[in-house]
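The values are calculated or read from the model by the stated rules, or taken from the named source; none is laboratory data. Note that the coordinates shown come from a computational prediction; the quantities given were computed from them, not determined experimentally. Cβ coordinates were reconstructed from backbone atoms using ideal geometry, including for glycine residues, and neighbour counts include every protein chain displayed. The accessibility values were calculated without ligands, DNA or RNA, using every heavy atom of the protein model including side chains. Shrake-Rupley method; radii C 1.70, N 1.55, O 1.52, S 1.80 Å.
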Amino acid sequence: MNQPTIVRTNTAELYDAYVMKSYNRAPLTLVRGQGVSVWDDTGREFLDFASGVAVNALGHCHPVWVEAIRRQAGELIHTSNLYRNPNQGELARRLVQQAGPGRVFFCNSGAEANEGLLKLARLHGIRKSGEEGKCYKVICAKMAFHGRTFGGMSATPQEKVQKGFRPLLSGFAFGELNNLQSFADLVDESTAAIFVETIQGEGGVTPCTDEFLWGLRQLCDKHNLLLMLDEVQCGIGRAGTFFAFQHSGVRADAIGMAKGLGGGYPIGAIWAAEKHAELFTPGSHGSTFGGTPLACAASLAVLDVIERDKLLQKVQTNGAAWKGLLEKLVTEFPKQVKTVTGRGYMLGLVLHSEPGPYVAALRDGGLLCPVAGGNTVRLLPPLIATMENLNQATEIIRGVLKKKETA
Ligand SMILES: *Cc1c(COP(=O)(O)O)cnc(C)c1O
């Protein structure tokens, strides 16, 4: 298992010929993963701090997770939502235990979870105004990212996401993140909900301040709006609490989750507080694949390991120490590094220039990580990463900064 596997492939040619060109992919073919490491087809090992974009909560091929999937695959994989399955019921219970009294709906991705939230906001608007089409506006944040579906794109005010796909859904407005007044100014009769990422991911790693979240809560209470939090990226332990918003103590009306939830197996979910969850009635929402026995088994394994290995505590402690180490890079390389943002294992190294060349140099140095908006290098280690792994990544980053400084 520790011997590098060399699997020469013609994958690059196959992609060139047959795969749609919707991504700017790194020139790298990955063939194997174990823990915090992945290997490419030349046998080279990388420290994987992309984690499949905040997905592989337990790293690669965690034994508990692999065993859960193996066992479930031999027992029952898919049944549809025409019938119950034990794993979905148990996973819903576990998520309610984390999020608070309410109910869960299962889907397959982050965008799909957010579609569910937007549909919930529409139903809330009807309950509030007494008729359809009168109260439907959702206030989101500038620099937000909520997914690539029409609802998700409409909630994502970024030219690079929306370009080419207009007209989008109507009924979205955008305030400045962490500027409560700018959100308050957008509330009117037609407003049904406020929808923000607790920590913005794609747009730059930017957390909502606790004060801002409390302000949104009050604003929502005052005007009978749903406070909907997109925890697709920052949830499931990534920020050192099960949901990132728990750091603030604020109560949400509805939550979207996905990425880390299945630890690499696709699953998404929404949670809503009881009185909002009841807005969905039989026939009003659905998903063929949502909450299969297999997806829920994978997710239960993730939750079990987070609990068993006290990963939330570790992410909190290690994440804070790591942020301190990265902040030293701001003083060491002030011309290149502006600041460090984020919390837990969701940190952003904010640079003074385009992050693309840095991410490429880090890859050459053996560290995989994605970019984000606002000149940010995004660091998303798996929740199982040890302080030693974080130190190792920091040294690779330091090496790249040093090289660029003298170049
Ligand atoms: C990734 C992401 C989404 C979209 O999730 P998909 O699974 O790619 O559809 C939505 N919201 C946030 C905050 C995300 O990070």
Legend entry - THR198 being open to solvent by 10 Å² or more (accessible area, probe 1.4 Å), in the same structural domain as ILE255 (by TED's automatic domain parsing) and either within 16 Å of the ligand (Cβ to nearest atom) or of a type in the set (A, V, I, L, M) (or both): no
Legend entry - Selection within region 56-74 - in contact with a Pro (Cβ under 7 Å, 6 or more places away or on another chain) and hydrophobic (A, V, I, L, M, F, W, C): ALA57, LEU58
Inset, instruction - Check off (1) part of a loop (DSSP other than H, G, I, E, B); (2) away from the ligand (no atom under 16 Å from the Cβ); (3) within 21 Å of GLY204 (Cα to Cα) for SER182 and give me the number that stays unchecked. - result: (1)
Inset, instruction - Pull up region 254-288, narrow it to residues that are within 23 Å of the chain's Cα centre (by Cα) and part of a loop (DSSP other than H, G, I, E, B), then point me to the one that is nearest to the ligand (Cβ to nearest atom). - result: ALA258
Inset, instruction - Go over the candidates GLY52, GLY43 one by one and state the one that is closer than 22 Å to LEU261 by Cβ and not assigned by TED's automatic domain parsing to the domain that holds GLU231. - result: GLY52
Inset, instruction - For residues that are in a loop (DSSP other than H, G, I, E, B) and among the small types (Gly, Ala, Ser), tally how many sit in region 192-221. - result: 3
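Is there a residue in region 159-167 that is touching a strand residue (DSSP E or B) at 6+ places or on another chain (Cβ under 6 Å) and not assigned by TED's automatic domain parsing to the domain that holds VAL340?
Checking region 159-167: not a single residue is touching a strand residue (DSSP E or B) at 6+ places or on another chain (Cβ under 6 Å) and not assigned by TED's automatic domain parsing to the domain that holds VAL340.
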Inset, instruction - Would you point out the residue of region 107-165, among those that are more than 16 Å from the ligand (Cβ to nearest atom) and under 30 Å from GLY89 (Cα atoms), that is surrounded by the most Cβ atoms within 10 Å (Cβ to Cβ)? - result: GLY125
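If you go through region 81-104 one residue at a time, do you hit one that is within 16 Å of the ligand (Cβ to nearest atom), within 28 Å of GLY237 (Cα to Cα) and surrounded by fewer than 24 Cβ atoms within 10 Å (Cβ to Cβ)?
Looking through region 81-104, none of the residues is within 16 Å of the ligand (Cβ to nearest atom), within 28 Å of GLY237 (Cα to Cα) and surrounded by fewer than 24 Cβ atoms within 10 Å (Cβ to Cβ).
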Inset, instruction - Output yes when any residue across region 353-364 is closer than 20 Å to THR209 by Cα and surrounded by fewer than 23 Cβ atoms within 10 Å (Cβ to Cβ), and no when none is. - result: no
Legend entry - Members of region 358-380 that are part of a strand (DSSP E or B) and not β-branched (Val, Ile, Thr): LEU367, LEU368, ALA372, ARG378, LEU379
Legend entry - Sole exception among (1) open to solvent by less than 10 Å² (accessible area, probe 1.4 Å); (2) in contact with a strand residue (DSSP E or B) (Cβ under 8 Å, 6 or more places away or on another chain); (3) more than 23 Å from ILE397 (Cα to Cα) for VAL337, by number: (3)
Inset, instruction - Check ALA407 against each of (1) surrounded by fewer than 16 Cβ atoms within 10 Å (Cβ to Cβ); (2) within 17 Å of GLU45 (Cα to Cα) and name the one condition it does not meet. - result: (2)
Inset, instruction - Take region 33-63 and flag every residue that is under 15 Å from VAL302 (Cα atoms) and open to solvent by 50 Å² or more (accessible area, probe 1.4 Å). - result: CYS61, PRO63
